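Single-structure report; data block below.
The values are calculated or read from the model by the stated rules, or taken from the named source; none is laboratory data. As the structure is a computational prediction, the values presented were derived from the model and not from experiment. Positions of Cβ are generated from backbone atoms using ideal geometry, with glycine treated the same way; all protein chains shown enter the neighbour counts.
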């Protein structure tokens, strides 16, 4: 089972470019956002499906410089990375089923991490 970790901008940079995590799914959310309140339980369901990815969450309000650098203009926004490359960007409160399907397609398209 994957675990959702709440991270800050420094740790996220390390996860994106400085580690060997394979697929990394990052959700930008805010505590006061109604769409985020609907999205977070769905994101947790996707995490439970263990799609060979590491799941993290960023509080956009607490990390404004990172939000600006990554051009996150709406919450929730979900970004998919592999080997430091952005593979997918989805804005909006997707259901678990819709987000899972997008992830499966992206993982299939970009393959598993080679050794």
Before we move on, is residue 75 farther than 20 Å from residue 23 by Cα and either in contact (Cβ under 8 Å) with a residue 60 or more places away in the chain or in contact with a helix residue (DSSP H, G or I) (Cβ under 6 Å, 6 or more places away or on another chain) (or both)?
yes
Residue 34: passes all of (1) over 28 Å from residue 108 (Cβ atoms); (2) modelled with pLDDT under 95 but (2)
Single unsatisfied condition, residue 71 versus (1) outside any helix (DSSP H, G or I); (2) touching a strand residue (DSSP E or B) at 6+ places or on another chain (Cβ under 8 Å)
(2)
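Every residue, every condition in (1) farther than 23 Å from residue 38 by Cα; (2) at pLDDT below 90; (3) surrounded by fewer than 14 Cβ atoms within 10 Å (Cβ to Cβ), yes or no:
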{"site": "78", "(1), (2), (3)": "no, no, no"}
{"site": "82", "(1), (2), (3)": "yes, yes, no"}
{"site": "86", "(1), (2), (3)": "yes, no, yes"}
{"site": "100", "(1), (2), (3)": "no, no, no"}
{"site": "107", "(1), (2), (3)": "yes, yes, no"}
Search result, residues across the range 39-68 that are within 23 Å of residue 111 (Cα to Cα) and in a strand (DSSP E or B):
53, 54, 55, 56
